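Participant: Pasting in a structure now, in structure tokens, and then I'll have a few things to ask.
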Amino acid sequence: MPVAQDGAQRASTKRILRFVIGMTIAAVLATTADPERQAIGAMGLAWLALNEGRLDDALELYDGVAAATGIGVSVIRWEAEWVEALARAGRRDDGAAVLDELVRGGWPAAFLPAEYLRAKGFVTADEEAAYRHFERSIHEAQTAGNPFTEGRGRLAWGEQLRRVRRRADARGQLDRAHALFVAVGANTYADRAAAEARAAGAQSSDEVVAHRLLTPHELQIARLVVGGASTRDVAAKLFISPRTIEAHLSTIFRKLGVRNRRELSARALDDPVLQPVSSLA
């Protein structure tokens, strides 16, 4: 198939996918009660406040969401973030009460086990027991093939490890979380994981942030090459010509300051973002 035709087909597929997603969201909202529709904006603002470290703002907004929609009945799952905000604000018992109410009210169908286990880790006082919850959350996410949720479990675990001064262990989880978030384009969480890693003593060098020099397409090619794929393998997987792959590799080498595939693979040892996502489990 000619490259131009193939590109047009992919663009058409993306338009169809966006349409289907849009229609699905519209259908969900059409069957959602008015109070919940009105609370969706507050859910988003609370999530933003939580990830910016504005815990008081997040908690005020989540309190309003709970009053408007109740716990465990909303189409959109937001309770795990509320529990996290409560725990980070020193209100662990209140967070545990939210989880208990979720369980008593019947397990919400959209509330993934990995989400529940991560939230349970936040409100568990015993350090080692909390780590087991985070570890199980990560395992559930891996089993489900959900790298974003896996990253959130690793971020939570890394944050807790850093706070008890287990910095080397924290960096291991945070580096993996950062790589997973970058791989799926979750920039807000990637920045948060990077900030936590720096607080745990990670070096903030050009090499650590080198992935920001690459476009998402270049990063995809770099990961495939680091994983051992040949030029023809990469070309076949991405439906573009080997010559185009070689051109991209030249740009990647120049941006990262390496000269060949061997040096790119060596660079990946110090920059987890360049490693194939499957190797981060």
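Participant: Once you order the gyration tensor axes a ≥ b ≥ c over the Cα atoms, which shape class does segment 213-276 get: rounded for a/c under 1.5, otherwise prolate or oblate by comparing a/b with b/c?
Facilitator: Values: a/c = 1.67, a/b = 1.45, b/c = 1.15.
Prolate, since a/c reaches 1.5 and a/b exceeds b/c.
Participant: Now for a separate question. Report the percentage of all Cα-Cα pairs in segment 31-204 whose separation exceeds 28 Å, rounded to a whole percent.
Facilitator: Working: 2831 of 15051 pairs.
Percentage above 28 Å: 19.
Participant: Further question: Could you list the GluC sites (Glu not before Pro) in segment 34-104 that lie in coil according to DSSP, counting only those with at most 15 other Cβ atoms within 10 Å of their Cβ? Please list the in-between numbers first.
Facilitator: On the way: sites: Glu36, Glu52, Glu60, Glu79, Glu81, Glu84, Glu101; in loops: Glu52.
Hits after loop and neighbour filter: Glu52.
Participant: What full-extension length gain, to one decimal in nm, is calculated for Glu52 and Arg163 as 0.36 nm per residue of separation minus the Cα-Cα distance? Intermediate results must be reported in sequence, preceding the final value.
Facilitator: Working: separation 111, 0.36 × 111 = 39.96 nm, distance 1.79 nm.
Here the answer is 38.2 nm.
Participant: A further question follows. Once you have the Cα-Cα distance between Ser241 and Asn260, take 0.36 nm times their residue separation minus that, and quote the gain in nm to one decimal.
Facilitator: Numbers: separation 19, 0.36 × 19 = 6.84 nm, distance 1.95 nm.
Extra length available between Ser241 and Asn260 comes to 4.9 nm.
Rule-based calculations on the coordinates, nothing more; no lab input. Remember, predicted model here, so these are calculated numbers, not experimental data. All Cβ positions, even for glycine, are placed from backbone atoms using ideal geometry, and neighbour counts span all protein chains on display.
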